[in-house]
Amino acid sequence: MRKTTKRLYLIPVLSKALDILELLQAENQPMTLEAIHRLTKVSKTTVYRVLKTYVHRGYLSQSSDGMYRHVTRPKKLRFGFGGQSADMPFSVEVTESLKSAAMAVGVDLLVLDNCYDGPIAIKNAEEFVSSRVDLVIEFQVEQEVAPVIGDKLAGAKIPLIAIDIPHPHATYFGVDNYRVGIEAGEVLASHAVRVWNRKVDWVLGLDLPEAGQLVQSRITGAFEGVRSAISDIPEECFVRLDGRGIRERSRKLISDFLQRHPKDKYILIAAATDTSALGALDAVKEQKREKSVAIVGQDALAEAVEEIRKERSPFIGSVSHEVSSYGPSLINLGLSLLRGQTVPPYNYVDHKLVTRETLGT
């Protein structure tokens, strides 16, 4: 009679990881990597990677002399995230990046939608307090409610990270707004020099004033970037418009402006966000003024990038804020704060200029 062997559905690397953890639990004293390797007979490379993972997840501690020790497993951390708006593409990308990063390190994430509305953001902050989250990551656009949110979380002793908009009691995370503005302005100026022989009738800034001076410095920087290359543009030709980061509002503002200036052929538009920039593009196309306008945005949204690829599009560039890096960076920043580590008050993300040339089209 043929003998059958029962099949075991085991994961070898997981078994090795558990052997390492059980050894440290049994010894209940600090151990070196070499000792763990010798006693478990697991390869040094695997032992090293498993130990670093356990330390990162809070199962082990590592002392300054390199010794590892089992520690009582802390409760699973829970972060609160107030998203800017589920209707804003950049906010959605930040949310997805953050969800993936939180899952990767075992952090629970309570996501609430601020709906691009200050009072809702305050209610969400109150929900974070009542839910007793360990840390809050706030992404909301209203500077006026920032002190209210900051005070509520500080009163509950909950650390706060604020994306793009500074909040009292918060660690800042986001782009260097003035610098990304400068680079957007330089692209616009380069276009005017190369295509229009330095002629500029208007420089428009689709601004976001309710976000406060820091975000407004995107437009300040853009204007300065244009001035640095074309110094003889009259000051009255630089005009800020409150696009509020909303596509339809921005479309209407630019449409009205173009209708009031039907004969002007050299108009540069710097937008605080790609959503506003796409609204400007809608207006330009509706009025068939593509040759008269050049637009640069911020965020490098997928729709904006596809438009930039088109050879004759007036949408000539955007500054990528590298949104895929937001999630891992924010989670690591939050963990550092909770561990009591010293972190900078301002944490700037990398950014990258996206134009037709950089895309290789």
Test LEU112 against the stated conditions and say whether it is in the same structural domain as ILE149 (by TED's automatic domain parsing) and outside any helix (DSSP H, G or I). yes
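So that you can scan it fast, the table gives a plain yes or no per residue for (1) in the same structural domain as CYS237 (by TED's automatic domain parsing); (2) modelled with pLDDT of 95 or more; (3) in contact with a helix residue (DSSP H, G or I) (Cβ under 7 Å, 6 or more places away or on another chain):
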{"site": "ILE120", "(1), (2), (3)": "no, yes, no"}
{"site": "GLU138", "(1), (2), (3)": "no, yes, yes"}
{"site": "LYS152", "(1), (2), (3)": "no, yes, yes"}
{"site": "PRO159", "(1), (2), (3)": "no, yes, yes"}
{"site": "ALA189", "(1), (2), (3)": "yes, yes, yes"}
{"site": "ALA192", "(1), (2), (3)": "yes, yes, no"}
Identify the residue in the stretch 303-324 that is in a helix (DSSP H, G or I) and modelled with pLDDT under 95 and, among all such residues, is surrounded by the fewest Cβ atoms within 10 Å (Cβ to Cβ). SER324
Evaluation of PHE128 against (1) in the same structural domain as ALA270 (by TED's automatic domain parsing); (2) among the aromatic types (Phe, Trp, Tyr); (3) farther than 21 Å from ALA270 by Cβ (one fails), failing number: (1)
Could you list, in sequence order, the residues of the stretch 82-109 that are part of a strand (DSSP E or B) and in contact with a helix residue (DSSP H, G or I) (Cβ under 6 Å, 6 or more places away or on another chain)? GLY82, GLY83, LEU109
From GLN29, GLN25, residue being in contact with a strand residue (DSSP E or B) (Cβ under 9 Å, 6 or more places away or on another chain), exposed (fewer than 14 other Cβ atoms within 10 Å of the Cβ), at pLDDT below 90 and part of a helix (DSSP H, G or I): GLN25
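The values are calculated or read from the model by the stated rules, or taken from the named source; none is laboratory data. Bear in mind the structure is a predicted one, so any value in this text is a computation, not a measurement. Cβ sites come from the backbone with ideal geometry, for glycine too, and all protein chains shown count toward neighbours.
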